[in-house]
Structure formats: C-alpha cells, structure tokens
Amino acid sequence: MEQLFTKELSPTDTTHRLTVPAANLGDFEIPMGEHAINIEATDTIERQWIFRLSIRRDNNPNPRPVFTGQWIQFVNEKGLRAGDRIIFSRQQVEGNGVQYSIRAERRIFNYWFNAKPLKICSVSMSR
C-alpha cells in the first residue's frame with residue numbers, strides 16, 4: 001500500500017469539500033481535456049465511497065483539486081471535525097488496476113486513532 005497523502009482537516013474540509021494537496025494531483029489519472037473523475041475508495045470497515053475529484057477548467061495554472069461527491073457523507077458518518085486527519089492510499093491490484101483506501105483519524109493525547117462516530121445511548125430508569 002502506497003500512502004499518497006495525509007491531511008489534517010480544515011473547517012472547509014469538513015463542511016464543503018476536501019482540498020486535495022496540489023502536489024498529489026499527478027497521483028490520479030484525469031484524462032486530457034477532462035476536469036473531473038470519480039475515485040472509489042474503501043474505508044477501514046470495507047465500505048466503498050465515491051469521491052468526485054475535480055480541478056479548475058481551462059488549464060488554470062492553479063488547478064486546486066478537490067473531493068466532492070460522497071465526501072461530506074463520509075465526514076458526517078465518521079463524525080469528523082477540523083483537526084482530525086485522513087490518510088489516502090493506493091495499491092496496485094492485479095487485473096483490477098488501482099485500489100484506493102481512506103482512513104480517518106482523531107488525535108487523542110498526541111496519539112492518532114481511527115475516527116469512529118460517537119454512539120449516544122439513552123437509558124431509561126423506571127421503577
């Protein structure tokens with residue numbers, strides 16, 4: 001598994017779209033003349049997510065790649081907030097080409113752990 005990028009999430013990353021580091025744009029194959037592709041990534045519980053990777057049109061010198069598509073749904077399901085981070089990786093798979101994976105992490109006391117949504121339980125105390 002080759003780690004493509006790690007990114008600590010900003011407020012915009014958690015409310016609108018994920019800004020992908022421009023240095024990593026070459027890690028994705030956007031056909032010439034196109035400005036967007038769908039990237040399918042698997043999370044740590046084997047759930048598939050489809051992120052739309054898009055860049056600015058018209059050969060803009062600052063392409064500013066971003067993930068949209070199911071990105072905000074991913075953020076909400078994982079309970080992500082600004083300051084958490086994601087790790088995006090890829091692996092060559094024989095016969096299938098490239099397989100992408102995404103992991104969400106939260107820092108707790110200077111250690112990073114898989115981010116998991118909080119489940120709130122209510123308890124009824126009746127006599």
Before anything else, pin down the relative contact order of region 16-111: Cα pairs under 8 Å, at least 6 apart, normalised by residue count, whole percent.
26
At q = 0.21, 0.28, 0.30 Å⁻¹, what log₁₀ I(q)/I(0) does region 1-59 have when each alpha carbon counts as one equal point scatterer in the Debye sum?
-1.07, -1.45, -1.44
Within the chain, the percent of DSSP beta bridges that are antiparallel, given to the nearest 5, stands at 95
Going by average Cβ density within 10 Å per residue, which order do the peptides 73-79, 29-35 take, highest to lowest?
73-79, 29-35
Note, region 80-95: 3J(HN,Hα) by Karplus (6.51, -1.76, 1.60, θ = phi - 60°), whole Hz, Gly/Pro = x, goes 6, 9, 4, x, 6, 9, 10, 10, 10, 10, 9, 9, 6, 10, 4, x
Checked against the positive end of the charge dipole of region 31-106 (+1 on Cβ of Lys and Arg, -1 on Cβ of Asp and Glu, about the Cα centre), the farthest of I45, N62, V98 is N62
In Å, what Rg and Dmax follow from the Cα atoms of the chain?
16.9, 70
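Where a number appears in this text, it was derived from the coordinates with a stated rule and is not lab data. All values reported here derive from a predicted model rather than from experimental measurement. We place every Cβ from the backbone using ideal geometry, glycine too, and count neighbours over all the protein chains shown.
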